Amino acid sequence: MNANTLPGQPHIAYQANTLCMESVKLADVAAQFGTPVFAYSKAAMLSALAAYQRGFAGRQVQICYAMKANSNLAVLQVFANAGCGFDIVSGGELARVLAAGGTPEKIIFSGVGKTRAEMKQALELGIGCFNVESEAELEVLNDVAMSLGKKAPVSLRVNPNVDPKTHPYISTGLKGNKFGVAHENAVQTYLRAAALPGLAVVGIDCHIGSQITEATPYLDAMDRILDLVADIETAGVPIHHIDFGGGLGIDYNGDTPPAADTLWQQLLAKLDARGYGHRQLMIEPGRSLVGNAGVCLTDVLFMKPGEQKNFCIIDAAMNDLPRPAMYQAFHQIVPVSPRAGASTLLDVVGPVCESGDWIGRDRQLNVQAGDTLAVLSAGAYCMSMSSNYNTRGRAAEVLIDGQQVHLIRNRETAHDTFQGEHLVT
């Protein structure tokens, strides 16, 4: 094959019949580090970030990487060094950001179930903002802040009841979702927040879902949020920043999400038309920064033909790549070193003892035992959601930067998976 960049994968291409990430042969990565192994392109992450930065040129914007998408310390380091803040959802993620060189004042703490201990930890560090998701959380956060003699900076996450047109499990802005304060209760809740002595209202937040592939849901949500800002400020509570969340999708299988700079040109035009273009803005992209930057390399263990299905059994499994089992999600699967000849219709499955352990169904592939496959668009919600099910050690991770390959996570051994457990004597 000639040099050929794959759709949606600008930093992954075939060169002389071998798949490369930037200037590194992925076959060499698999040989050196074993499989399964996740490889991430630093250039791809920075290119995705640059699209947002172009879209926001000349504006007051803080980009906060939603680190639940991929929380490896080296990935966080890339974004911290590029000036990003972080959107976190746990005390553990807060600790990771600090370990990677992030600063507390650029951190937004989201999530519906923050504990008192997490609130205390974040307040003592001087966190930038809490995205509060319920009236009950307001009261508890106020108590914690008062006990420390501090004021907690808060933004209410408002549920605008906008359909993001995505998978139900990653839709977060509808009335039936657990997230946020109901749109119709927002003004009342802001008045309560402003009255609590341990809180300082600083903003408003909205996040409608993930893997969104069209602009309309964002435009609809912006209209509803700006209507609320006007109502809240009329009621006497000033709003200093507007946080429009994240959720922009990537190309998994011919998906056509708008480019980040194109999307934000549309959104900023609406913001300007409504008189809010001068406001401080916050956004929280995750998947769109890292999703297409990563691949999972996996070796073919066995070929298993059958009467109804032909199976390609690989050494990566649902514990490594949970999205297909959880969301019926699609990932492109390609050979690292393509073979000449006809392909066969196959289900690509892992070795875990579950019928749900599949990575790809009905794929046309020409492969044999011992070949290496690349599962594409694996930079987001794969390693961060991985587990030790079946006492399988989690995969190694590497960061590729030009011709350099950096090991950024060791492969777990069996001992690693149970080292915190104890026999009863």
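Bear in mind these aren't lab numbers, they're just calculated from the coordinates by the rules spelled out. No experiment lies behind these values; they were computed from the predicted model shown. Don't worry about glycine lacking a Cβ; one is built from the backbone with ideal geometry, like all the others, and counts go over all protein chains shown.
One table, with the values for the structure above:
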| item | result |
| --- | --- |
| Residue 361-residue 117 FRET efficiency (beta carbon distance; Förster radius 45 Å; 0.05 resolution) | 0.55 |
| Residue 135-residue 269 pseudo-label distance in nm [points 7 Å out on the Cα-to-Cβ vector] | 4.0 nm |
| Length released on extending from residue 82 to residue 424, taking residue separation times 0.36 nm less the Cα-Cα span | 118.3 nm |
| Amide H partners (placed H, <5 Å) of residue 311, local residues excluded | 304, 306, 347 |
| Simple spin-label estimate for residue 124 and residue 195 in nanometres, 7 Å along Cα-Cβ | 3.2 nm |
| Distance histogram in 20 Å bins (all Cα pairs of the chain, percent per bin) | 26, 53, 20, 1 |
| For residue 193, net neighbour charge (Lys/Arg +1, Asp/Glu -1) across residues whose Cβ lies under 13 Å away | -2 |
| Size of charge dipole - the chain - debye, nearest 20, with Cβ of Lys, Arg +1 and Asp, Glu -1, no other charges | 320 debye |
| Counting DSSP beta bridges with both ends in the chain, the antiparallel % (nearest 5) | 50 percent |
| Calculated [θ] (222 nm, deg cm²/dmol) that DSSP helices of n ≥ 4 give over the chain, each run adding -39,500 (n - 2.57) | -8500 deg cm²/dmol |
| DSSP-assigned coil residues among trypsin sites (Lys or Arg not before Pro) in the range 173-266, each with at most 11 further Cβ atoms within 10 Å | 175, 178 |
| About the Cα centre, charge dipole magnitude for the range 110-285 (Lys/Arg +1, Asp/Glu -1 at Cβ), debye | 420 debye |
| Between the range 1-52 and the range 253-281, the alpha-carbon center distance in angstrom | 29 Å |
| DSSP-loop trypsin sites (Lys or Arg not before Pro) across the range 319-425, with at most 13 other Cβ within 10 angstrom | 339 |
| Orientation-averaged projected area, Cα convex hull of the range 110-285 (nm²) | 10.1 nm² |
| Residue among 307, 233, 133 with the largest mean-square fluctuation in a Gaussian network model of the chain, springs linking Cα atoms under 10 Å | 307 |
| Too-long pairs where the Cα-Cα distance tops 26 Å, listed order kept, from 68/270; 68/309; 68/304; 68/106 | 68/270; 68/309; 68/304 |
| Prolate/oblate/rounded label for the range 328-424 (Cα gyration tensor, a/c 1.5) | oblate |
| Residue order, fewest to most beta carbons within 10 Å, for 123, 373, 345 | 345, 123, 373 |
| Distance between modelled label sites at residue 256 and residue 411, nm, 7 Å Cα→Cβ extension | 4.2 nm |
